[in-house]
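Below: the structure, in structure tokens.
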Amino acid sequence: MGGEDYRLKGLQLAVGTGLPRTADGSGLRVVIRSPSLDLAPWADVFAAGGSEREGIGMDVKALDVQIGRLLWDGAAKGPVVVQAVGRAGGLRGMIDSAYVKGGFDADMAAGRLSSIKADLDFVKLSRLDEKAVASTDSWLDTLHPGSFPSLSLVGRHVLWHGFDVGRLQVEVDSQARGIVLRSASLRSDNHELVVERGEWTRHGGTDRTHIAGTLKVKNSGMLAAEFGYPEFVRDTPAEVNYTLNWAETPFGVSSANLAGTVDMKLGKGALLKVDVGIGRFLGLFNVDALWRRLSLDFSDLFGAGMAYDGIAGKLDIAHGRAETKGFVIDGVAAKIVIDGGVKLATREVDQVVTVIPNTSIALPVAGVLMGGPLGPAVGAAVGAGVFVADKMMDGQVERLTQTRYRVEGSLDNPVITKDSGDAPRE
């Protein structure tokens, strides 16, 4: 218009209610009152233009949002209230919802959010089904990682299906190539999960996600119960170091693209059910069958599952396969050494499991299981003799009594065969 440059200096937006009265017409003011709001279209607006989109070009003076029922991908997420007022260079306010509650302070630059500091009373998390994961991954595909603001977040209580699993702290830097997770931790009296480094970048249309850190647990049984597996493991202190990466968004991880290493050391405890979780993953799903093949069924004495003094090993993950070499379960009744791998997508296992009976325990118990008045005495005497002989022969008896098994086929119905042709494991 006549070569003049016109610029919008103020905007008031009201949805479901009237415009508030104000003497100052500059900046952006938003008031929303709605019984229901679908967040997906707003997310699409945020995604439009990616990292190159322009800011709103004005200061945010006030936000007052009250939604009776927030929807995301068709699922109801409960009520939400967001209230904030402008300050020099940004705005500060509070959020109250079923999933997060607390205060925030946001900086703005050129009309765009540049950083957010959040101090939250709680963060509520829950399992995502496959549909929710796929939907979130698809939405992240429309965004450039560098379009997110930097974030400094403290969640005083993280709630997982009714359990308080600790205090959350996250530090994220926004950079042109993507977002860098400088640090993240979830700490409680029982466990400490730390992400020492992480990033999500996009270059040439290809996403890459990388995380590395540690997990330390005093009582894995307690942690497993909090995450929905109360009868999986007992006691078991643990230390796990992990480095993982995949060529996708953070929600796009799959058995086909996951790569990295997981190095774990577990202390004394017991696997109570060997058909779930890590026991199934490592091929321990049918360890009772191995006991029976060796005539070393100790279930009457040790109960269901398997007691151990420690577990240690390393998983190498690449090309859709998890491989382990020399993964050792130092069981009370026997030592188990696992070599081989699992195809993560098809759940096919190809492993060699070496079972080495603990001669100082196995034979006396075998005597007890023989029954009869002389069984315990004979078993104890034989066991003591073998134990002394084994020590004098520097473990030769133990090596001679070990047995190897090949474990092949589906994880759900594996085929276990005695591998008698192989030489004893050194």
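Rule-based calculations on the coordinates, nothing more; no lab input. On a predicted model such as this, the values are computed, not experimentally measured, just so you know.
Measuring between alpha carbons in the structure, the pairs from LYS124/LYS314; LYS101/LYS131; LYS314/LYS335; LYS9/LYS77; LYS218/LYS314 lying more than 23 angstrom apart are LYS124/LYS314; LYS101/LYS131; LYS9/LYS77. Under a 5 Å amide H cut-off, with hydrogens placed 1.01 Å from N, VAL332 pairs with ALA307, TYR308, ASP309 among residues at least 5 apart or on other chains. Backbone geometry of region 413-419 corresponds, through the Karplus equation with coefficients 6.51, -1.76 and 1.60 at θ = phi - 60°, to 3J(HN,Hα) couplings of 8, x, 9, 10, 10, 6, 9 Hz, x marking Gly and Pro. Whole-Hz Karplus values for region 171-180 come out as 10, 10, 9, 9, 10, 4, 7, x, 10, 10 Hz, taken residue by residue from phi with 6.51 cos²θ - 1.76 cosθ + 1.60 and θ = phi - 60°; glycine and proline positions read x. In this structure, the amide hydrogen of PHE148, modeled 1.01 Å from its nitrogen in the peptide plane, lies closer than 5 angstrom to no residue at least 5 positions away or on a different chain.
Karplus-derived 3J(HN,Hα) values for region 150-156, using 6.51 cos²θ - 1.76 cosθ + 1.60 with θ = phi - 60°, are 5, 9, 10, 10, 10, x, 5 Hz; glycine and proline are entered as x. Amide H contacts for ARG112 (H built 1.01 Å from N in the peptide plane; partners 5 or more residues away or on another chain; cut-off under 5 Å): ILE56. If you take the Cα centroid of region 214-240 and the Cα centroid of region 79-119, the two points sit 36 Å apart.
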